[in-house]
Amino acid sequence: MKYADGRDVAVGDRVKLWQDQCGTVVCSIDKKNFTAEFPESEWGYLGSGVVVQTDTGGLFHYKEADEDFEPIRSRAAP
């Protein structure tokens, strides 16, 4: 999955999901990059996209970025 500017979304990125709601990318199904807390065995079935854990504890699966999905701090090099 990519941001609107073409950069790849990466595990560990801080993102804005919509007004007043931010979170952290916890797995990238596209890149097969999973964490111990969010392993491929439990999340790989989604097939594509990323999973974001919000600051309030919710989990959201995005197959593609929408107009509100913005990077706050990226772990990837520009």
Pairwise Cα inverse-distance average, inverted: Kirkwood Rh of the chain (Å)
12.3
For the stretch 1-67, listing GluC sites (Glu not before Pro) in a DSSP loop whose Cβ sees at most 16 other Cβ atoms within 10 Å gives E37, E64, E67
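Might you report the magnitude of the Cβ-based charge dipole of the chain about its Cα centre, with Lys and Arg at +1 and Asp and Glu at -1, to the nearest 20 debye? Don't skip to the answer; put the middle values down first.
Values: 9 positive and 14 negative charges, 59 e Å.
The calculated dipole for the chain is roughly 280 debye.
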Out of the trypsin sites (Lys or Arg not before Pro) in the chain, which ones are loop residues according to DSSP with at most 16 other C-beta atoms within 10 Å?
R7, K31, K32, K63, R75
Extension reserve of the L46-K31 stretch, reckoned as 0.36 nm per residue once the Cα distance is removed:
4.1 nm
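All of the numbers you see were taken from the coordinates with simple rules; none came from a lab. Treat the numbers as computed from the prediction; the structure is a model and nothing was measured. Methodologically, a virtual Cβ is constructed for each residue, glycine included, from the backbone with ideal geometry; neighbour enumeration extends over all protein chains shown.
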